[in-house]
Amino acid sequence: MPHHLNRIAEDLVKAKLENYWPGFELAAYALYDKRNVYLFNHPKFSNNPQCTYHILSWDVQFTGDTIILYEEYPTAIVNMDSYEDYEDLYSIVVHELFHGYQYIKDEKRFPDEMMGITYPLSKENVELRNQERTNLYHALLENNIIKKKQYLNAFSGLREKRAAKIEEYLTYEKLIETIEGPAWYVELRAYSEKSPLDYHSVLKKYAQQLINKYESTSSIRSSCYSSGLFMCLLLEELSPGWMESFFDREETLYDLLKQHTGDFMEDSIADVKISSETEEVVNFAIEKRIKAFEEFNEQAGIHLYIEGEITAESFDPMNIIPLEDRLLHKNFIKVRMNNQDFLFQQPVIAHVGNGIKYINKLHLILGKRPIENSDSLTIDGVGEIKGKYKKQENIWHLFIP
């Protein structure tokens with residue numbers, strides 16, 4: 001039995017959670033490994049006060065670190081095998097529990113994930129965005145109030161400049177910051193409490209995503225976590241008590257922070273000069289995508305192409321790499337074919353048409369030969385998929401009706 005379970009239960013008490021965020025309520029949560037699920041605080045299994053957690057056999061519902069509706073109740077789930085140190089595991093559980101709390105509070109400021117996957121790699125936007133993030137970083141670390149305001153004003157001015165160019169995509173960024181920034185905020189608080197590192201070192205660790213231009217350009221969605229976190233930390237400093245009414249508002253984190261900025265001279269950013277570093281950053285992001293697809297295609301095994309009418313039911317938006325009309329789902333994808341749901345817990349390339357949900361071809365690489373039936377293939381760990389198939393050495397095609 002994993003040795004952190006009782007310690008987690010002891011640490012995740014309401015009084016402690018409210019130190020991270022006022023009113024933070026404990027939703028259900030589950031820690032799992034390849035065999036078992038250890039479910040805590042779930043109303044369906046809370047009738048035994050002597051039992052801290054309820055043990056279930058693992059099933060496909062428990063995939064990734066996220067929030068799910070388990071037995072119609074919001075449940076934070078975390079894969080224990082992904083974390084070696086207690087402070088990492090504990091802080092991620094707190095992070096996911098906050099998403100459960102958002103559900104309890106009826107949070108509605110969620111983004112359209114399509115925007116993140118189709119986000120354009122414009123050099124001008126990358127230039128302005130990275131300047132913006134640098135100013136946000138300095139605004140938090142600066143102690144001189146006049147300089148702090150200057151950094152904040154520059155941050156806001158750069159963001160408004162971007163808004164004129166990519167308004168709908170900037171809305172996506174602001175909503176990701178609003179959902180994930182507070183979750184990262186409580187995660188940082190929890191990590192700092194358990195970690196042997198001092199607070200400045202913890203802050204520096206979390207700041208890397210904000211100031212690393214290469215990674216923030218390559219991973220737009222996850223880069224918004226850190227900008228949202230830094231906005232939370234600045235609001236804590238500039239507007240004490242801002243969290244009390246946060247879930248009663250419609251504004252994004254940026255809207256709240258913008259109230260503390262002044263005017264920024266538009267002329268100073270009227271002409272955007274693309275730096276050589278930005279050229280490198282954009283090329284790096286494109287090459288990283290291409291390399292991910294090349295590495296996928298170079299894997300040994302049976303290359304199976306499933307073609308037909310396929311609908312994406314669920315996926316991990318943080319672990320998708322787009323390239324032209326293809327999406328590499330690095331973690332998992334659940335799809336609907338032949339009026340049945342199938343979960344692929346492995347890297348899969350989806351060829352998409354009209355939007356990310358509508359797939360015309362899946363490409364996966366199998367380590368184990370499918371079982372051939374007269375009108376279907378049975379794939380290990382996935383199930384039986386009806387359709388006609390043909391094969392040539394290690395390349396197989398399955399055509400679903």
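Principal-axis analysis of the Cα atoms of the chain puts helix 123-141 at an angle of about 60° to the longest axis.
When segment 193-291 is described by a simple charge dipole with +1 on each Lys and Arg Cβ and -1 on each Asp and Glu Cβ, the residue from 202, 242, 254 located farthest towards its positive end is 202. By the gyration tensor of its Cα atoms, with a ≥ b ≥ c the square roots of the eigenvalues, what is the shape of segment 132-218: rounded for a/c under 1.5, prolate for a/b over b/c, or oblate? Since a/c reaches 1.5 but b/c is at least a/b, the shape of segment 132-218 is classed as oblate. Can you classify segment 1-103 as rounded, prolate or oblate using the Cα gyration tensor, where a ≥ b ≥ c are the square roots of its eigenvalues, rounded means a/c under 1.5, and otherwise it's prolate if a/b beats b/c and oblate if not? Taking the square roots of the gyration eigenvalues as a ≥ b ≥ c, segment 1-103 is rounded. Among 69, 343, 158, the largest mean-square fluctuation in a Gaussian network model of the chain (Cα springs under 10 Å) belongs to 69.
Measuring gaps between exposed loop sites in the chain (GluC sites (Glu not before Pro); DSSP loop; at most 16 other Cβ atoms within 10 Å), the longest gap, sites not included, is 143-249. Taking every C-alpha pair closer than 8 Å and separated by at least 6 residues, the mean separation divided by the residue count of the chain gives a relative contact order of 12 percent.
Look at the Cα gyration tensor of segment 292-401: its axes a ≥ b ≥ c give a/c of at least 1.5 with a/b at or below b/c, and that counts as oblate. Gaussian network model of the chain, Cα springs within a sub-10 Å range: biggest mean-square fluctuation belongs to which of 366, 188, 235? Looking only at 366, 188, 235, the largest GNM fluctuation is found for 366. Charge dipole (Cα centre; +1 on Lys/Arg Cβ, -1 on Asp/Glu Cβ; no other charges) of segment 249-400 amounts to roughly 960 debye.
If you run the Gaussian network model on the chain, springs between alpha carbon atoms under 10 Å, then out of 41, 153, 125 the most flexible one is 41.
Per-residue ellipticity at 222 nm computed for the chain from its helices equals -14500 deg cm²/dmol, with DSSP H segments shorter than 4 residues left out and the rest contributing -39,500 (n - 2.57).
For the chain, the residue among 228, 364, 90 whose Cα projects farthest onto the positive side of the dipole built from Cβ charges is 364. Panel note: the C-alpha atoms of the chain, placed on their principal axes, show extents of 75, 61, 35 Å (largest first).
Each reported figure results from applying straightforward, stated rules to the coordinates on display, with no laboratory input. All values reported here derive from a predicted model rather than from experimental measurement. No Cβ is skipped: glycine too gets one built from the backbone with ideal geometry, and neighbour counts run over all protein chains shown.
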